[in-house]
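Read-outs: derived from the displayed coordinates by stated rules, not from any lab. Not measured: the values here are computed from a predicted model. For neighbour counting, all protein chains shown are included, and Cβ atoms are generated from backbone atoms with ideal geometry for every residue, glycine included.
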Amino acid sequence: MNVFRGVPRKVEPEDLDSPFEMAEAKRALKHLRPGGAHGGDNVPPECKYLTGAFIYLTWFMLQLWWSAEMLPAEYDTTPLWPVYKDGDPTDPKNYRGISLLTVFYKLFESVLAYRLYCSLKDCRQESALTQTKLGTAGGSGPATTYTY
C-alpha cells in the first residue's frame, strides 16, 4: 500500500499533534488495498467502498484513539500465523510468521505515516526519508555505523 502517492501537503512540526481531519481518514480508506486479509476484528478491507456514516465513524474512532493517546488493549498483541514456505513441512524453519493487523489499526497507522512523511518532505526537493547517509565516527571501526 503506497499512501505517499501524489503531491503531499506540507505538515509543519507543530501540526503533528493536531486532531485528525476527516480528509486524513478518507485518504487512508482510499489507499486500503482490497482483497487483503483482515485481522481479528473481521472487518474486510472492502469497507473502503462504504460511504457516509462509515467514513464518519472511522474518522471518529481514529480521532478518539488519537485524543486518548492510546489504542484499544486488543491491539497490544496480534496473533502470529505460520505460513508454509517450502521444504519439509515438519521442519519449523520452513515456515514464516505473518501477523494479520486489523483494518482500523492499518488506517490509524496510515494516517500517522502520512503525517510523518509530509512533515519530513520538502515538496521542492527529495524526501528526507529516501536519503540516507552512512558514515563512521572517528576512531570507530566499520562495525559501528551511524545514520544521519
Checklist outcome for this item: Here the gain from full extension of A23 to H38, 0.36 nm per residue of separation minus their alpha-carbon distance, amounts to 3.1 nm
Next on the checklist: If packing is taken as the average count of other Cβ atoms within 10 Å, what order do 56-66, 28-38, 75-85 fall into, highest mean first?
Outcome noted: 56-66, 28-38, 75-85
Item to check | Among 95-101, 68-74, the order from most to least packed when residues are scored by Cβ within 10 Å on average | outcome: 95-101, 68-74
Checklist outcome for this item: If the label point sits 7 Å along Cα→Cβ of T78, residues of segment 20-43 with amide N under 14 Å come out as 33, 36-43
Checklist entry - Using a basic spin-label model with each label point 7 Å from the Cα along Cα→Cβ, how many nm lie between Y49 and L100? => result 2.0 nm
